[in-house]
1. In degrees from 0 to 90, rounded to the nearest 10, what is the angle of the helix 79-91 Cα long axis to the longest principal axis of the chain?
2. When only alpha-carbon atoms count, how far does the chain stretch along each of its three principal axes, as whole angstroms with the largest first?
3. Go ahead and set up a Gaussian network model of the chain, Cα springs under 10 Å, then flag whichever of LEU20, LEU49, LEU75 fluctuates most.
4. So what J values fall out for segment 21-35 if you push phi through Karplus, 6.51 cos²θ - 1.76 cosθ + 1.60 with θ = phi - 60°, rounded to Hz, Gly and Pro as x?
5. Taking θ = phi - 60°, what integer Hz values does the Karplus form 6.51 cos²θ - 1.76 cosθ + 1.60 yield along segment 41-56, in sequence order, with x for Gly and Pro?
6. With only Lys, Arg, Asp and Glu charged, each at its Cβ (+1 for the first two, -1 for the last two), find how big the charge dipole of segment 61-159 is about the Cα centre; round to the nearest 20 debye.
7. Filter the trypsin sites (Lys or Arg not before Pro) in segment 13-73 to those in DSSP coil with at most 14 other Cβ atoms within 10 Å of their Cβ, and list the result.
8. Once amide H atoms are placed 1.01 Å from N in the peptide plane, what residues at a sequence separation of 5 or more from CYS66, or on another chain, have their amide H within under 5 Å of its amide H?
Amino acid sequence: MATRKRKTDPASAPLGDTQLRAVIGYQIAQASVVANRLYESAVGQPRGLHRLEFSLLMLVRENPGCTASSLAKALGISMPNMVLWLDRVGAKGWVEREPSLSDRRSNHLRLTARGEEEAGAALAALSAAEAAGLDALSVAERAILAELLHRMADIGRGG
């Protein structure tokens, strides 16, 4: 009796991407799927913290006194959207605005004690999730990857 070879369903087979291996944008997009999944499971869902809120908190934490316009430029979003995000994190009690003494149209931003606590907890949770979720990469490989991505981002900022 002859055995029949079972055909694999092409719809369920992994997609080949050999021609895209050298396309940096594609690889970054694929890596961001993994990074976004790690973020959502460690911070987004359990803490209810949107990725942009996290970035905003961390930038204000590292740059106390920065302005909305500097944040909008760093995050690549419009000023009207930045104002909405600042209103959102302000309503949560995480960021406070201090009027500028030299420019009445501008405010300097600082984390509140609650904002500092949220930023620290979110960063710790994300760092732990990345260490566990990316354990196929050594600590040195993760550091190299982060450095290369940082350098690429600097190119986009004109640096």
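1. Approximately 80 degrees, to the nearest 10.
2. Here the spans come out as 89, 35, 33 Å, largest first.
3. The residue that fluctuates most here is LEU20.
4. Once θ is set to phi - 60°, the couplings for segment 21-35 become 4, 9, 8, 4, x, 5, 5, 5, 4, 5, 5, 5, 4, 5, 4 Hz.
5. For segment 41-56, the Karplus curve yields 6, 8, 10, x, 6, x, 9, x, 10, 5, 4, 5, 4, 4, 4, 4 Hz.
6. On the way: 12 positive and 13 negative charges, 96 e Å.
It comes to approximately 460 debye.
7. Details: sites: ARG21, ARG37, ARG47, ARG51, ARG61, LYS73; in loops: ARG21.
Within segment 13-73, the qualifying trypsin sites (Lys or Arg not before Pro) (loop, at most 14 other Cβ atoms within 10 Å) are ARG21.
8. Distant-sequence amide H within range of CYS66: LEU109.
We did not get these values from a lab; they are worked out from the coordinates using the rules stated. In this text, all values refer to a predicted model and were calculated from it rather than measured experimentally. Neighbour counts are summed over all protein chains in view; Cβ atoms, including those assigned to glycine, are modelled from backbone coordinates with ideal geometry.
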